[in-house]
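Below is one structure, written out as structure tokens; the observations come after it.
The values are calculated or read from the model by the stated rules, or taken from the named source; none is laboratory data. Keep in mind the model is a prediction, meaning the values are calculated, not measured. So basically every Cβ, Gly included, is an ideal-geometry build from the backbone, and we count neighbours across all protein chains shown. For accessibility, only protein heavy atoms count, side chains too; no ligands or nucleic acids. Shrake-Rupley method; radii C 1.70, N 1.55, O 1.52, S 1.80 Å.
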Amino acid sequence: MRRVSVFGATGSIGESTFDLLSRRGDLQVVALTGGRNVARLAQQARALRAELAVTAYDDCLPALRDALAGSGVQAAAGTQALIDAADRPTDWVMSAIVGAAGLVPGVRALSQGATLALANKESLVTAGPLMMDCAARHGGRILPVDSEHSAVFQALTGEDIATVERVVITASGGPFRSWSRAELETASLEQAQVHPSWSMGQRITIDSASMFNKALELIETREFFGLDPAQIETVIHPQSIVHALVGFRDGAMMAHMGMPDMRHAIGYALNWPDRAALPVPRLDFVTLRQLDFEPPDPERFPALRIAREVMDMRGHAGAAFNAAKEVALDEFIAGRIGFLDMARLVDQTLERLMSDSGFTAPVQALETVQAMDQMARATAGELVSRMFNRS
Ligand code: NDP
């Protein structure tokens, strides 16, 4: 029987994965992991008869044990337990932890030759060359789950990457698509965490509003498909129906379309190379009537400009960028900095760090990526106090 695990099972991607897994009787669930929502983690583990449930937090272990009492599901907690879970022999692993915390379990799963369904975009942004190399060396495989990258992957089936002229990834534009820069300065947390077309976790929803999400995706596209940054474009498409387009050297463009429902990309990765029936809503063009496209505005959304600079810098710029972005997001969520201050903080952190030769060195070792991540977090933390007058 095919063995599967889900890292980040209690999140938005995790719940969609759970929905698909719970419709199947032909899979053996090895491990499910979560963070603080141990009640839900235990429910999922019972329902799927998982071998193991892991919470990332040691202090959540007693509650997880209680919730699993009598179920036969093993309980574990902490960073090492997450790594041990990723080391358990498994055929297919969903990587859906949010943030840089998702990197190590993904690398471990690839190291044992598993297929990694990769939702955690931070993995490729911080350690793209290392992930790709790890998959190649150990016979593992990465299947993209981000909807845009799944779309590109699907449009490339049977094609030669050398014939690709351009890739266009779409962005909904988020809730602030038509806001002026002055209005964006005052955007609140409540306004930023409501997405017009996708239902997602809080962090990626805010990243979508600032377009840091699209910035991560630009870098992810470069890392996964090995394209030149100049070949990767972004276009605003408010309906979120076209997820990506691939343009070939003969001028043809292949578009991938679907209703905004992550179960499509997750299900594609779960069933690949087959296409199985999926419980996703179908497109109705008569109801839709119209699809709009407009250029992105890097003046109002500096994240896109920063992503281009990061791609040019190479080395550990991706790790520095992601860490600074995560600190900036924490600060915005805590109400300590404004919406556009997030980009200011990321800019300043990169400016400070990228003169350091450690950051420009090629990505080769996980430990170095983690050290660069920590250094960037410390620098961003220090800059917050200085830039925004906090003690
Ligand atoms: P959520 O915030 O909804 O879920 C995150 C998951 O990770 C939860 O299971 C959470 O546990 C767990 N978690 C949080 N912090 C840690 C930690 N430090 N260590 C281990 N586990 C942790 O996120 P999403 O599902 O929205 O996103 C997950 C990833 O997928 C992100 O990288 C995101 O960018 C990417 N993605 C998401 C999409 C979406 O539609 N949501 C689309 C494409 C990509 P708990 O909740 O129990 O605390």
Taking first residues from region 70-94 that are within 15 Å of residue 38 (Cα to Cα) and open to solvent by less than 10 Å² (accessible area, probe 1.4 Å) and second residues anywhere that are more than 11 Å from the ligand (Cβ to nearest atom) and modelled with pLDDT of 95 or more, the pairs with Cβ under 6 Å that are 6 or more apart or on different chains are 78/58
Within region 247-279, the count of residues that are in contact with a helix residue (DSSP H, G or I) (Cβ under 6 Å, 6 or more places away or on another chain), part of a strand (DSSP E or B) and under 29 Å from residue 6 (Cβ atoms) comes to 1
Note on residue 25: of the conditions (1) modelled with pLDDT under 95; (2) near the ligand (Cβ under 10 Å from one of its atoms); (3) more than 21 Å from residue 135 (Cα to Cα), unmet is (2)
Yes or no: region 65-72 includes at least one residue that is over 30 Å from residue 325 (Cβ atoms), within 12 Å of the ligand (Cβ to nearest atom) and at pLDDT 95 or above.
no
Q. Hey, does region 39-61 have a residue that's among the polar types (S, T, N, Q), crowded, with 16+ Cβ neighbours inside 10 Å and part of a loop (DSSP other than H, G, I, E, B)?
A. no
From the option list 301, 332, single residue qualifying as surrounded by 21 or more Cβ atoms within 10 Å (Cβ to Cβ), part of a helix (DSSP H, G or I) and among the aromatic types (Phe, Trp, Tyr) is 332
Residue check, residue 114 more than 16 Å from the ligand (Cβ to nearest atom) and buried (at least 24 other Cβ atoms within 10 Å of the Cβ): yes
Of (1) open to solvent by 60 Å² or more (accessible area, probe 1.4 Å); (2) in contact (Cβ under 8 Å) with a residue 24 or more places away in the chain; (3) within 30 Å of residue 111 (Cβ to Cβ); (4) not aromatic (Phe, Trp, Tyr), residue 274 fails just (2)
